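This report refers to the structure that appears directly beneath it.
The values are calculated or read from the model by the stated rules, or taken from the named source; none is laboratory data. These numbers were taken from a predicted model, which means no experiment stands behind them. Here the Cβ positions follow ideal geometry from the backbone for every residue, glycine too, while neighbour counts run over all protein chains shown.
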Amino acid sequence: MIKTTLTALVLGATALTSTAALAQDWRADLPVFRVGLLGGENEADRLRNNECFRVALEEALGVEVQLFPAADYAGVMQGLLAEQLDFATLGASGYAGIYMQDAEAVEPIFVGSEADASTGYVAMMYVRADSDIQTLDDMEGRSLAYADPNSTSGYLVPQFELGRMGITDDYFSQTGFGGGHEQAVIAVLNGQYDAGVTWTSGQGEHAEGYTRGNFRTMVNNGLVDMNDLRVIWTSGIIPNGPAVIRTGVPDEARQIVYDYLLTQHETDPACYTAFSMGEGQGWVPVDHEFYEGVIAMREATTQSR
């Protein structure tokens, strides 16, 4: 009996040691967890708004977490494809672009829900409030700023939906890229373009920048007064972009990230608001199927060029 008990104790200790070794092993293999931040907002604001996420995740993972703000959407996409980043929140078009290059590179794990628990948002075309442009008809021969070539609301969906209406880039006097959503708004306010397109929940008050999105973030940061802008076109509903994780991230690390985001809205509401760019009802589990329509749209747009 004593021998059996001693054997069991030794085996139990060995199992605990092995478990601890495995836990240590993944941290040795992933000493830094790298989070990519999309372009579209100035770098200082992006770092500030995501700092709470970095701190919380670093505590949960037990490894250093670093934030990498990219100059544009392509920077984050290429970082994930090259295994130089481990996690990011993307637009639906950005995810589609990665999937089209490497279907196994990342996996979508969550999508943000809006104030009414929906998981979609809209693109809006906006002009200065003192402009004589009231509708899309008035945009003929005027200039339009897209946000980024890999943005869903700031390029892909406007191109696709306007194209179905017979409106192509030739309709405008000039089109260009503002360098991000925030930068495009500023370019319109400064008179460099007549109009721009950006993303918003489409819910809540115009004066507040709606409940979530680029307008809301700019209002919160004191960068825009919505009385200075008028919306002249709104798209159909677009699937919210995913939070994605690199497929090579160890399972335990992946589970820690998943568990934190799953309850972030309840356990860390202030960080949820900053990290998700506005109000909503938390993160909802999602998979690849949710984005198949956007992937098809991006493939069709790419082939037509």
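Note on the stretch 215-239: among residues that are of a type in the set (S, T, N, Q) and modelled with pLDDT of 95 or more, the one that is farthest from THR152 (Cα to Cα) is ASN227. In the stretch 240-261, of all residues being surrounded by fewer than 20 Cβ atoms within 10 Å (Cβ to Cβ) and either of a type in the set (S, T, N, Q) or in contact with a Gly (Cβ under 8 Å, 6 or more places away or on another chain) (or both), the one that is farthest from ASP130 (Cα to Cα) corresponds to GLN255. For the stretch 149-176, the set of residues classified as crowded, with 23+ Cβ neighbours inside 10 Å and closer than 15 Å to VAL188 by Cα consists of GLY154 only. The residue list PHE290, PHE275 contains one member that is in contact with a Cys (Cβ under 9 Å, 6 or more places away or on another chain), over 26 Å from TRP26 (Cα atoms), assigned to a helix (DSSP H, G or I) and touching a residue at least 40 places away in the same chain (Cβ under 8 Å), which is PHE275. Within 28 Å of ALA44 (Cβ to Cβ) and in a loop (DSSP other than H, G, I, E, B): does that describe ASN150? Yes, satisfied. Scanning the stretch 153-212 for residues that are among the β-branched types (Val, Ile, Thr) and over 23 Å from GLU43 (Cα atoms) yields VAL157, ILE167, THR168, THR175. Cβ-Cβ distances below 7 Å connect the following pairs, each with a first residue in the stretch 154-177 that is in contact (Cβ under 8 Å) with a residue 60 or more places away in the chain, a second residue that is basic (Lys, Arg) and buried (at least 18 other Cβ atoms within 10 Å of the Cβ), and a separation of six or more residues or different chains: LEU156/ARG298.
Considering only the stretch 122-140, I want to know if a residue exists there that is outside the structural domain of THR273 (by TED's automatic domain parsing), assigned to a helix (DSSP H, G or I) and among the charged types (D, E, K, R). Yes, because at least one residue in the stretch 122-140 is outside the structural domain of THR273 (by TED's automatic domain parsing), assigned to a helix (DSSP H, G or I) and among the charged types (D, E, K, R). Mind checking whether some residue in the stretch 229-238 is surrounded by 19 or more Cβ atoms within 10 Å (Cβ to Cβ) and polar (S, T, N, Q)? Looking through the stretch 229-238, at least one residue is surrounded by 19 or more Cβ atoms within 10 Å (Cβ to Cβ) and polar (S, T, N, Q). Filtering GLY213, GLY204 for residues that are in contact with a strand residue (DSSP E or B) (Cβ under 9 Å, 6 or more places away or on another chain), surrounded by fewer than 24 Cβ atoms within 10 Å (Cβ to Cβ) and at positive phi leaves a single hit, GLY204.
In the set (1) small (Gly, Ala, Ser); (2) under 27 Å from VAL188 (Cα atoms); (3) without any contact (Cβ under 8 Å) to a residue 12 or more places away in the chain, the condition left unmet by GLY75 is number (3).
Among the residues of the stretch 33-59, the ones that are crowded, with 17+ Cβ neighbours inside 10 Å, over 15 Å from the mean Cα position of the chain (by Cα) and without any contact (Cβ under 8 Å) to a residue 24 or more places away in the chain come to 1 in all. The residues in the stretch 264-279 that are crowded, with 16+ Cβ neighbours inside 10 Å and on the phi < 0 side of the Ramachandran plot can be counted, and the count is 10.
In the set ALA105, ALA71, only one residue is surrounded by fewer than 20 Cβ atoms within 10 Å (Cβ to Cβ), at pLDDT below 95 and of a type in the set (A, V, I, L, M, F, W, C); that residue is ALA71. Each residue in the stretch 168-202 was checked for being assigned to a strand (DSSP E or B) and of a type in the set (Ser, Thr, Tyr), and 3 of them qualify.
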